[in-house]
Each structure stands twice: as structure tokens, then as C-alpha cells.
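See structure below.
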Amino acid sequence: MKTNELDHDLTPDTLRNLNAQICECVNTPPDEELSSGFERLNALIAERDELIHSILASPDHEFVREFAAREQVVNDKLKNMAHSLLSKAKDDVSHFIRSQAAVKKYK
């Protein structure tokens, strides 16, 4: 995932920085401690959600409307990315379980 996929012309700098951190987290190859990467990604997404809600609380209704429309597209991209990560994780676990069963069978 590229940072410019999460940014648009109404993205404030604080959100741009957070988007860059999310992209870095997603694009970094997993290390030995896979759960820490998912925990970090989850924390960044939660922080992003809080920031979006604070921006949407702005009294400038026209800005909020435009910002929300653009963020809906970004949210869909993030949701699709999360679903693909979940699917890949399920496939990896399934492959591991099948491999483990095959090893036990031949012992």
C-alpha cells in the first residue's frame, strides 16, 4: 500500500503522518514476532479513527462533507487491505495445520 492511496487534498498533516506510519507498518515484512506487527497496525488504525472523528467534529459543515466523501474512498481501501491480510493469515494458519498433521502422520 502506498501513502498517496490514503491521502487526498483535504488530508491534514497529522493524518498524513499517521497514514505514512500505517503504510510503513503494512509494507514492512513480518518479523519473528508477527503479533506485535498486528498490534501496532491495530493501534495505528484506532488512532486514525480517533483523528478522523475529531476532524469530522469541525463546525465547517462544507469541509466536513467534502472530507467525509474523500475519506469514504480511503476507508474502503483500508477495509479491503485488512480483509486481504485476514484472508492471508487464515490461509497461512490452514497451511501450517495441514503441514503439522502430515508430519505427525509420517512419524
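The values are calculated or read from the model by the stated rules, or taken from the named source; none is laboratory data. Everything numeric in this text was worked out from a predicted model, so none of it was measured. Counting neighbours? That spans all protein chains shown, and the Cβs are built from the backbone with ideal geometry, glycine included. Calculation scope for accessible area: heavy atoms of the full protein, side chains included, ligands and nucleic acids excluded. Shrake-Rupley method; radii C 1.70, N 1.55, O 1.52, S 1.80 Å.
Note on region 1-27: residues that are touching a helix residue (DSSP H, G or I) at 6+ places or on another chain (Cβ under 8 Å) and at pLDDT below 80 total 3. Selection of region 46-66 for residues being closer than 18 Å to D76 by Cβ, open to solvent by 60 Å² or more (accessible area, probe 1.4 Å) and in contact (Cβ under 8 Å) with a residue 12 or more places away in the chain yields L56, E66. Of the residues making up region 33-41, one or more are more than 17 Å from the chain's Cα centre (by Cα) and open to solvent by 60 Å² or more (accessible area, probe 1.4 Å).
For region 40-49, the condition of being part of a helix (DSSP H, G or I) and farther than 13 Å from I22 by Cβ holds for none of the residues. In this structure, S84 does not qualify as open to solvent by 50 Å² or more (accessible area, probe 1.4 Å), farther than 23 Å from K2 by Cβ and hydroxyl-bearing (S, T, Y). The single condition among (1) in a helix (DSSP H, G or I); (2) closer than 22 Å to L15 by Cβ; (3) open to solvent by less than 60 Å² (accessible area, probe 1.4 Å) that A89 does not satisfy is (2). For region 83-107, what are the residues that are under 16 Å from L41 (Cα atoms) and hydrophobic (A, V, I, L, M, F, W, C)? The answer is L85, L86, A89.
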